[in-house]
Amino acid sequence: MGAHHGPAKGLTRWLFTTNHKDIGTMYLWFSFAMFLLGGSFAMIIRAELFQPGLQIVQPEFFNQMTTMHGLVMVFGAIMPAFVGLANWMIPMMIGAPDMALPRMNNWSFWILPPTFLLLASTLFMDGGGPNFGWTFYAPLSTTYAPPSVTFFIFAVHAMGISSIMGSINIIATVVNMRAPGMTYMKMPMFVWTWLITAFLLVAVMPVLAGAVTMMLMDIHFGTSFFSAAGGGDPVLFQHVFWFFGHPEVYIIILPAFGVVSEVIPTFSRKPLFGYDSMVYATSSIAFLSFIVWAHHMYTVGMPIAGELFFMYATMLIAVPTAAKVFNWITTMFKGSITLETPMLFAIAKVFLFTVGGFSGLMLAIAPADFQYHDSYFVVAHFHYTMVAGAIFALSSAVYYWIPKWTGKMYNETMGKTHFWISFIGFNLTFFPQHFVGLAGMPRRIPDYNLMFADFNMMSSIGAFIYGASQLLFLFNIVRTITHGKPVSDPKVWEGGTTLEWTVPTPAPYHTFTTPPQLK
Amino acid sequence: MATQADKNIKVLSVKLAGLVVVMFAFAMWVMPPLYNALCEALGINGKTNGQQYTVVDSQIDTNRIVKVQFVAQNNEMMPWEFAPNTSQIEVHPGESNQVTYYAKNTQDKFMVSQAIPSIVPSRAAEYFHKTECFCFNQQPLAAGKNADLALQFIIDRDLPKDIHVITLSYTIFDVTEMAAKQDSVAASSK
């Protein structure tokens, strides 16, 4: 292994690093920067919707904001953040010295910053950035798209390549580099959920690449995949997109399930209840995600048999998901629970994600969906799953593992303050959106009927509160790194049982250069 | 010095990369034809198949009358005048009929159009045979010119008994740019 025990010095350390911890750190900081960028787009949206009428931005720019907010949050913030956690934690949790393909790992990360620079630069181009919604339905994204759509297409290709390489790396690591004695059914739950997520990514990111390639062909090379005039069909776009898009939402949520499956047992001081059923539930969710895509498009005019099939298949997903929620609650049952910040975020995630799951069940009912479709009810639903489901889990993960990463303890009071402000801000933002949605307010529109004014003002105030609480989060992290109280106990949390709590704190640059012995 | 573990990692990565290629190919070359084939086989999106029908037998079922209605629509941003010359006719299944649509290029430039059919009820689509149709090809018109565009069709004698009215709609699209692009792509590939 040679003599290099510490990291190289200077900027080249980060440019050329193949160390999983360095790369994980870069992923996490990058995703946090994207989270703030996507968040500022959301602030513009909520500022415009503070009152009915047009105040701050023009409708054209508003459309670019809703589109870029979705793209940046999904592909720039949430996905890379979980890849960052995977990089940091998977080798330490399975007792491996590093990822299986360290040089490819470096490349997976370094593709991302230029990609998002390219995507963000479209906002300054002639005709503006992408304005067709993050789902980029044809023909809005082909015939009627601004010229910058070509840059958008290349950005999607590049981020797809990055996620595919990251996923191949994770699968190769988990399959080949587990410590002797760690069978699949002994792996920590976070590793399991990521293994399944990585398979989903490898299977569907190429489909997304196919969708944007067909768009590129339609725009520049005279084909008609999605153009009715040439014998194609715009509805085909929606099928291809959601064949990617539905597994994509589980790609976002499964690692979040993994995080709470680590945090809840630690702070309940009990092993995870129903480990085996968790594994099977995760696998069934992943399988079902491939056969439910058309529930996003009930209104395109599918035959009744199709509507029924997709409706029942979708409702079936509630079964494994409910099994997971049951297991988390049962893990807490009669545990000796303490409510440190990671645990607060994890419990809130379970509760709020379940709320999102219920509104999802409502949306799954095909005849009812005709009313909810493209309304604010949908916006409320998926923010309960994406923000409370994924972002809360990410906050939980950062507080949970930051002492291990830095060797410093975060400020508990500040952490709890961040939690409660986030919790209140989040619910104030998105709960009223259920009501305006049911009353008929459409999504992605910069103006609205006077009767929605009060709830929208509440939503906007909530959004500003939630946005501000993330600055407190940033401050707490920076403060932890610079002034945090040092911790040296390998087992930072007394309930921690997984392998990362056996290495010294802070985690040295190289861990498990010799595999650990498992009981 | 490749250990067994290194070899396993390599083999697995190559397999996964293979899966990536397969899935990309699936999206690009399997999904679109599969979608069209399914729509056609199940007759679910009201598309008549774009091919010319060859008459197999010319027996006419004079006991049955089916009403066929003609509708015309302009796709957004298509400035032509476009309308059926006859809005509805009554036909016997098996009999050959001809109607025309009127089209006029109202602009002062050469334009190319493409008409896309849709049939209601969509179940009738597979029983609606076209022996001649302006929708089979792109229709060019010089500035200010007009034309009557012909459609010949036969309703199949196997048309389900409960269908008494068929509505055929054409939406006309402006494909001037697309046609020019296809020409230039075809020219450059020669």
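Coordinate-derived values only; no laboratory data. Because the structure is a prediction, the values reported are computed rather than measured. Glycine gets a Cβ as well: all are built from the backbone with ideal geometry, and neighbour counts include every protein chain shown.
Here are a few things to note about the model shown:
- Here the peptides A:390-400, A:321-331, B:68-78 are ranked by packing, the mean other Cβ count within 10 Å, and the order with the highest first is A:390-400, A:321-331, B:68-78.
- Quick note on segment A:442-506: its Rg to Rh ratio, both from C-alpha atoms and Rh being the Kirkwood radius, is 1.33.
- Computed over segment A:85-137, Cα set: Rg, Dmax in Å: 17.3, 51
- Residues A:T213, A:T183, A:T341, sorted so that the one with the fewest Cβ neighbours within 10 Å comes first: A:T183, A:T213, A:T341
- Along segment A:293-304 the Karplus relation, 6.51 cos²θ - 1.76 cosθ + 1.60 evaluated at θ = phi - 60°, assigns HN-Hα couplings of 4, 6, 5, 7, 9, 4, 8, 6, x, 7, x, 4 Hz to successive residues, with x for each Gly and Pro.
- Measuring r between the beta carbons of A:L11 and A:W107 and using R0 = 30 Å, the FRET efficiency lands at 0.95.
- Kirkwood radius for segment A:310-380, taken over all pairs of different Cα atoms as the inverse mean of 1/r, rounds to 13.9 Å.
- On the beta carbon distance between A:A453 and A:L123, with R0 = 30 Å, the FRET formula returns roughly 0.55.
- Structural descriptor for chain B: relative contact order 26 percent, calculated from alpha carbon pairs under 8 angstrom and at least 6 residues apart.
- Coarse-grained scattering of segment B:1-42 at q = 0.17, 0.34 Å⁻¹, given as base-10 log I(q)/I(0) from a Debye sum over alpha-carbon atoms: -0.59, -0.99
- For A:A507, net neighbour charge (Lys/Arg +1, Asp/Glu -1) across residues whose Cβ lies under 11 Å away: +1
- Here the Kirkwood formula puts the hydrodynamic radius of chain B at 19.8 Å, using every distinct Cα pair.
- Each of A:L101, B:L38, A:L438 was scored by other Cβ atoms within 10 Å of its Cβ. Listed from fewest to most, they are B:L38, A:L438, A:L101.
- Largest to smallest principal axis extent of the C-alpha atoms in segment A:275-336, angstrom: 53, 17, 14
- Just so you know, the averaged projected area of the alpha carbon convex hull for segment A:149-203 sits at 4.1 nm².
- Note on A:226-237: average number of Cβ atoms from other chains within 10 Å of each residue's Cβ is 5.
- Per residue, the convex hull around the alpha carbon atoms of segment A:367-519 comes to 166 Å³.
- Axis angle, to the nearest 10 degrees, between helix A:318-332 and the longest C-alpha principal axis of chain A: 30 degrees.
- 0 to 90° range, to nearest 10: angle between helix A:392-406 axis and chain A longest Cα axis: 30 degrees
- Residue-wise HN-Hα couplings along segment B:112-118, as the Karplus relation 6.51 cos²θ - 1.76 cosθ + 1.60 with θ = phi - 60° gives them from phi, are 10, 10, 9, 9, 10, x, 8 Hz; Gly and Pro carry x.
- DSSP H segments from chain B that extend 27 Å or more along their own axis, Cα-based, with Kyte-Doolittle mean of -0.5 or above: B:4-25
- The shape of segment A:14-502 can be summarised by an equivalent ellipsoid whose semi-axes, obtained from the alpha carbon gyration tensor, come to 34, 25, 24 Å from longest to shortest.
- In this calculation the C-beta distance from B:E90 to B:A37 is compared with R0 = 45 Å, giving a FRET efficiency of 0.85.
- Projected over every direction and averaged, the convex hull enclosing the alpha-carbon atoms of segment A:16-150 yields 9.7 nm².
- Crossing angle, helix A:149-176 versus chain A [Cα axis fit, 0-90 degrees, rounded to tens]: 30 degrees
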